[in-house]
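Here the structure comes first, spelled out in structure tokens, and everything after it is commentary.
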Amino acid sequence: MAVEIRGLPVAASAPRVPLRRRLYGLGSIFGKTVRDSRAGMLVVTALLGVLIVAGGITMSSTYGTLEARRELAAMSQDMPPMLRGMYGNPLDVDTLGGFISWHYGAYFALLAGLWSILALSSVLAGEARRGSLDFAVATPRSRRSIALEKVAGHATAIGLGMVVVAVVAWVTGVVGARLPGDSISPAAAISFAIGLGIRTLVAGSVAFAVAPFLGRGAAAGIAGALMLGGYVIHSYRTVVPAFDTLADATWFSWTADHVPLAGSTDWAGIGITAVVCLVLLAIGIEGFARRDVGVTIPLPVPRLPRALLGVHGPLGRSFGDLLPTALAWGVGLGIYGVLMAAASQSLLDALDASPAMAEIFRNLIPGIDITTAAGFLQLAFAEIGFVLIGLAAATFIAGRSSDETSGRLELQLATPLTRARWAVASGAAVWMAIALVTLLLAACVALGVASVGQDPMTPALGTLVLALYGAALAGIGVGVAGVSRASFAMPAVLALTIGTFLLDLLAPILRLPDWVGQLALTAHLGEPMVGTWDGVGVAVCVVLAIGGLVVGAIGMRRRDVGA
Amino acid sequence: MSVIETEKLTKFYGPHRGILDVDLCVEDGEIYGFLGPNGAGKTTTIRLLLDLIRPTSGRASVFGIETTVDPVAIHRRVGYLPGEFALFDRLTGGETIEYFANLRGGVDPLYQADLVARFDLDPSRRFKEYSKGNKQKVGLVIALQHRPDLLVLDEPTSGLDPLVQQTFFALLRETVAEGRSAFLSSHILDEVERTCDRVAIVRDGRLVAVDRVEALRGLAHHEVELRFTAPVPASVFASLPGVSDVVAVDDRLQLRVSGSMAPVVEAAAGRGLIDFETREPSLEQTFLAQYGRVAVGVANHGR
């Protein structure tokens, strides 16, 4: 029997994806990565811009005269190594650009670096974990091209952010210049942005290189620890002798002399960092191309004792889930606290040796005896401590919310567990996690202060104010989750933390009315490191913490689960 | 007595339709199949029954208790398996099962261990290390371990291999033998046919059919296509027992056969048959062919 064999009908060729959508949108992996990066880019760029403008305003208002600039330069030069570590190397701080670089340089690098770490640790590994990467890999594209497009997308987002940063820096120089040397040339602004962009990308590329092997969480943790550790080691290399040799291995040291806003460029240092960056990205791309998708090497992390896992009820279970994160935050904050406390001796020695500088500090921070370790901690640690405990609270609230967003809550609520009981138990577990972090921090601060021969009790007890502040933020997060939806809770806590920090920072700089500055909860918490507690702030924290849980429990009873 | 009863149960997610005017009645001691295409509203219905979401209008009761009034009393007697779920990555399967047992104030450890053994589950591995099928086993043990009066299972055999599916069906039969009930959603004809007493079909948020599964078997038919060396008159096959809807197109015959296929095969064999294709329509297609797409009330069918 003859059989007629015909070719398969040829499908009409698909229309080409417009270039615009391939560059931004769903037309390509690159375009989608840029699109997915927009929120992070906007937030980070806005924060960087605010810091640059704040620096400009400070310089033109607070230090608007030649005398004030001379005083500032003298103070920055006479600072003991401990404080120099906090601020960085003072270079032309009597100019606008030099001041911005000196005062905010660390914030710039850490903030943008954190964004890059979060983005590049999850850009492939996070998708692999969710399973969505399988779909992309199953398209007719090589893994290398997928990885390359993802990296290029993120690098483009950084580039776009840095263009804005360069423009803001230049405009700030033009508008805020009061004295000769204040203006910032376009070339200096561009050099500054390029340097910051490379510093940003190198932090993320560590995460990207590690992620195919160890997965998203471990990659973000390792890169974050390297960035923060590198910053501390570089900053305090003159204080802690053991850091000196290690410091040369950090990108903070390689790029330390690239301060274009202060007239100093070091393209060799930036070039080395860029090369390291490229090598790390290549490792990540090759790792992704050669390894099984989504298969990672399990780290030999010790398991928690069974008693701490919490299988007896919702409180224990929620706390058991938060415990590893709480321990990580507690140890990290504790190390920072013990370093700061122990290093306070260097400031005390410097003040002993220089009565003039002691006088400057007394004028700068009236009411706090800076010649004690507790006073130093209030000056140098409390403000950043509020930010860090806020970030910790945000991660705990995110962990709590994941019960609902991942669907675990649905199974739990199909048992005789009431919604209100879960809401209260899981909220209380967040409190317990914050308490654990603070207790570890308090112990470390006490250890550090005791090591310099001073009374450890007052500053150790003072750190407990962080627990109150964290519990208040957590209460707000639980309340938001209860009345709206779980996924809103973490962003709400994060926004409050950053908003409070910015309010504290900017209200005096911008000479805002007093009541505006008083809106920050941290303005009502006294100086607890030196034993001065503010009852109003404490009461507000307690009300917010408990009230948030009550509101959250009532809200949970009323709304759909998983909505 | 009804274990589940809904009355004009409706749910909207903002402007988006969930389910509309669904009237269900599940009797004590029966296994009730709930079928429908993706997005039809099966999971919405199940989540409403458990008070995980609240109705926009209408009402639902389980064990005679309105779901929004005392959900905890309902949950005490229900075993639930969601269609998609995540559990605690850091806990082992055994610890996860233990946690849910504790939330219920404890379960019979021997029965729990028996379930783990029958599902051939290794409880010592962390939940995140399990395959999809093993995660489903953990979910099934959680749903079954307290011997609930009512099982509410959303696609229970999803991801299970055929052997484990057999174990699950055996457990389901044991459940009913003990006088308990089950409400399960499924896409699989064989699964529903073998296990369910009654079946409901939901489409576009509305209940379009409810009937006993025996009625389904009665409706079962094959769509057959025969190809011959030369055209064959349709009348030759139209008169055969169980044959209907005969259509002749050139050298092909399309027909619908209910019951035995033997008369068709014998008749075709003597007329130069060169190809024989048969297709069994899905349960949903069978039901829809019978009942159309008009929403129905439970009272009209199958009770």
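The values are calculated or read from the model by the stated rules, or taken from the named source; none is laboratory data. As the structure is a computational prediction, the values presented were derived from the model and not from experiment. With ideal geometry, Cβ positions are generated from the backbone for all residues, glycine too; neighbour counts draw on all protein chains shown. Side chains are part of the model used for accessible areas, which takes the heavy atoms of the whole protein and leaves out ligands, DNA and RNA. Shrake-Rupley method; radii C 1.70, N 1.55, O 1.52, S 1.80 Å.
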For A:K150, go through the lysines and keep the ones whose alpha-carbon is under 22 Å away, minus same-chain ones fewer than eight residues off. A:K32
On the first, second and third principal axes, largest extent first, how far apart are the outermost C-alpha atoms of segment B:221-279 in Å? 27, 20, 18
By how many nm would the segment from A:A268 to A:S145 lengthen if fully extended, with 0.36 nm per residue of separation less the alpha-carbon distance? 41.3 nm
Can you list the lysines whose alpha carbon is less than 29 Å from that of B:K42, not counting same-chain residues fewer than 8 positions off? B:K8, B:K11, B:K128, B:K132, B:K135, B:K137
Just to check, using Stokes-Einstein with a Kirkwood Rh over alpha carbon pairs, what's the diffusion coefficient of the protein assembly as shown at 37 °C and 0.692 mPa s in µm²/s? 104 µm²/s
A:L327 and B:D122 label points (each 7 Å along its Cα→Cβ direction) are spaced in nm at 2.4 nm
Check each residue of segment A:402-431 and keep those whose accessible area, probe 1.4 Å, is at least 50 Å² smaller with all protein chains in place than in the chain alone; give them in order of residue number. A:R408, A:E410, A:L411, A:A414, A:T415, A:P416, A:R419
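Magnitude of the Cβ-charge dipole of chain A, K/R +1 and D/E -1, about the Cα centre, nearest 20 debye?
Roughly 2720 debye, rounded to the nearest 20.
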Estimated FRET transfer efficiency when R0 is 22 angstrom, pair A:A249-A:D78 (beta carbons, to 0.05): 0.15
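Within 10 Å of each Cβ of B:84-94, how many other protein chain Cβ atoms are there on average?
Working: counts 3, 5, 8, 5, 9, 3, 8, 6, 4, 0, 1.
That average works out to 5.
Quick one: accessible area per residue over the protein assembly as shown, 1.4 Å probe, rounded to a whole number of Å²?
On the way: 37360 Å² over 866 residues.
With the other protein chains kept in place, the protein assembly as shown gives 43 Å² per residue.
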Over what distance in Å are the Cα centres of segment A:148-196 and segment B:202-251 separated? 73 Å
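Please compute the length gained on full extension between B:S258 and B:E27, using 0.36 nm multiplied by the number of residues separating them and subtracting their Cα-Cα distance. Walk me through the numbers on the way to the answer.
Working: separation 231, 0.36 × 231 = 83.16 nm, distance 3.04 nm.
Gain on stretching B:S258 to B:E27: 80.1 nm.
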Take A:A307, project a point 7 Å from its Cα along the Cβ direction, then tell me which residues of segment A:394-427 have their backbone nitrogen under 19 Å from it. none
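Which percent of the accessible area of segment A:29-296 is formed by carbon and sulfur heavy atoms (probe 1.4 angstrom)? Walk me through the numbers on the way to the answer.
Working: 7350 of 11060 Å².
Accessible surface attributable to carbon and sulfur in segment A:29-296 totals 66 percent.
Mean Kyte-Doolittle of at least 1.6 and a Cα length of 24 Å or more along the axis: which whole DSSP H helices of chain A meet both? Before the final figure, lay out each step's value.
Details: long enough: A:38-61 (33 Å, 1.71); A:96-122 (37 Å, 1.19); A:143-176 (49 Å, 1.25); A:186-214 (42 Å, 1.69); A:216-235 (28 Å, 0.99); A:267-290 (34 Å, 1.80); A:314-353 (57 Å, 0.88); A:382-405 (34 Å, 0.86); A:419-451 (48 Å, 1.66); A:464-483 (29 Å, 2.11); A:486-509 (35 Å, 1.80); A:535-558 (34 Å, 1.85).
Helix filter hits for chain A: A:38-61, A:186-214, A:267-290, A:419-451, A:464-483, A:486-509, A:535-558.
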Which one of B:P71, B:F119, B:L151 is farthest out on the positive end of the charge dipole of segment B:47-169, using unit charges on Cβ (Lys, Arg +1; Asp, Glu -1) and the Cα centre as origin? B:P71
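Rounded to whole Å and sorted largest first, what semi-axes of the equivalent ellipsoid does the C-alpha gyration tensor of segment A:279-332 yield via the square root of 5 times each eigenvalue?
After diagonalising the Cα gyration tensor, the semi-axes are 34, 14, 10 Å.
What value, in deg cm²/dmol to 500, does the helix sum -39500 (n - 2.57) over DSSP H runs of n ≥ 4 give at 222 nm once divided by the residues of chain B?
Details: 11 runs with 99 residues, N = 303.
Taking each H run of at least 4 residues, the total per residue is -9000 deg cm²/dmol.
Need one value for B:68-76: mean number of C-beta atoms belonging to other chains within 10 Å of its residues' C-beta atoms.
On the way: counts 0, 0, 0, 5, 7, 1, 2, 7, 2.
The mean count of partner-chain Cβ atoms within 10 Å per residue comes to 3.
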With a point put 7 Å past each Cα toward its Cβ, work out how far B:Q166 is from A:V516 in nm, to one decimal. 7.6 nm
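To one decimal place, what Kirkwood hydrodynamic radius in Å is obtained for segment A:270-408 from all pairs of distinct Cα atoms?
After inverting the pairwise mean of 1/r, the radius is 20.0 Å.
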Accessible area, probe 1.4 Å, largest first, for residues A:C444, B:C196: A:C444, B:C196
At 20 °C and a viscosity of 1.002 mPa s, what translational diffusion coefficient does Stokes-Einstein give for chain B, taking Rh as the Kirkwood radius over Cα pairs? Give it in µm²/s as a whole number. 100 µm²/s
Counting protein heavy atoms only and a 1.4 angstrom probe, how many square angstrom of accessible surface do chains B and A bury in total, to the nearest 100? 3000 Å²
Across 10 Å bins from 0, what is the distribution of all Cα-Cα pair distances for segment A:195-269, in whole percents? 19, 42, 32, 7, 0
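Cα gyration tensor of segment B:39-87, axes a ≥ b ≥ c as square roots of the eigenvalues: rounded (a/c below 1.5), prolate (a/b > b/c) or oblate? Walk me through the numbers on the way to the answer.
On the way: a/c = 2.17, a/b = 1.18, b/c = 1.85.
Since a/c reaches 1.5 but b/c is at least a/b, the shape of segment B:39-87 is classed as oblate.
Which helices pass in chain B if a helix is a full DSSP H run, must span at least 20 angstrom along its long axis by Cα, and must have mean Kyte-Doolittle hydropathy not below -1.0? Display every interim value, and only then the final one.
Values: long enough: B:162-177 (22 Å, 0.69).
Answer set is B:162-177.
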Using +1 on the beta carbon of Lys and Arg, -1 on that of Asp and Glu, and nothing else charged, what's the dipole of chain B about the Cα centre, debye to 20? 640 debye
Spin-label point model (7 Å from Cα, Cβ direction): what's the B:D251 to B:I65 distance in nm? 6.8 nm
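Taking R0 as 45 Å, what FRET efficiency do you get between B:E214 and A:F135 from their Cβ-Cβ distance, rounded to the nearest 0.05? Mind showing how you got there, number by number?
Values: r = 42 Å, r/R0 = 0.94.
For R0 = 45 Å, the calculated efficiency reads 0.60.
What value, in deg cm²/dmol to 500, does the helix sum -39500 (n - 2.57) over DSSP H runs of n ≥ 4 give at 222 nm once divided by the residues of chain A? Could you put the intermediate results ahead of the total?
Details: 26 runs with 417 residues, N = 563.
When only DSSP H runs of four or more count, the value is -24500 deg cm²/dmol.
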